[in-house]
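Scroll down for the structure; my scribbles are underneath it.
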Amino acid sequence: MTKKKEDAVLASAVLKLDVRERLQIGNLMPERGNYFEMIVGKHVQKKFELSSKEVEAIELKNTQTGITWNPDKEKPKNIELTRTEIDFLKTQINRLSEENQLPFSMLGLCEKIMDI
């Protein structure tokens, strides 16, 4: 199987996410877990990261009031996720929900993930 076909088989969903949603993904990561969860979480977080070019382009800044950026320069990004990554994210959302720890500000991101 070619690398391109292999990637197509592994990618089972594409999420179109804005900057806020990509920054929020860290809130879904578990503080502790088994080795497999930590590896999958690391890969997921890497996919959601903003590149240096993106940070510069959107004028991202960390201020005393929080993280800000120029929304006029923001471009949503398509992020491919494997079935394993999707299952991991859904598990984290369900865990936070069961613990009554799911912030309202993350509802949009969570709905996108749960609708896959």
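The values are calculated or read from the model by the stated rules, or taken from the named source; none is laboratory data. Since the model is a prediction, treat every value here as computed from it, not as a measurement. Don't worry about glycine lacking a Cβ; one is built from the backbone with ideal geometry, like all the others, and counts go over all protein chains shown.
Starting from the stretch 73-90, keep only residues that are more than 22 Å from Arg32 (Cβ to Cβ) and modelled with pLDDT of 95 or more, then list their pairs with residues that are buried (at least 18 other Cβ atoms within 10 Å of the Cβ) and basic (Lys, Arg) whose Cβ atoms are within a distance under 8 Å, requiring at least 6 positions of separation or different chains.
Partner pairs satisfying both residue conditions: Lys77/Arg22; Ile79/Arg22.
Would you pick out the residues in the stretch 32-66 that are under 15 Å from Arg20 (Cβ atoms), over 17 Å from the mean Cα position of the chain (by Cα) and surrounded by 11 or more Cβ atoms within 10 Å (Cβ to Cβ)?
Scanning the stretch 32-66 gives Ile58, Glu59, Leu60, Lys61.
Can you tell me which residue is farthest from Gln45 (Cα to Cα) among those in the stretch 91-109 that are without any contact (Cβ under 8 Å) to a residue 60 or more places away in the chain and surrounded by 14 or more Cβ atoms within 10 Å (Cβ to Cβ)? Show your work before the answer.
From the stretch 91-109, those without any contact (Cβ under 8 Å) to a residue 60 or more places away in the chain are 91, 94, 97-102, 104, 107; that's our starting set.
The next check asks that each one be surrounded by 14 or more Cβ atoms within 10 Å (Cβ to Cβ); those that pass are 91, 102.
Working: Thr91: 15, Leu102: 18 Å.
Step by step, filter the stretch 91-109, then rank; the result is Leu102.
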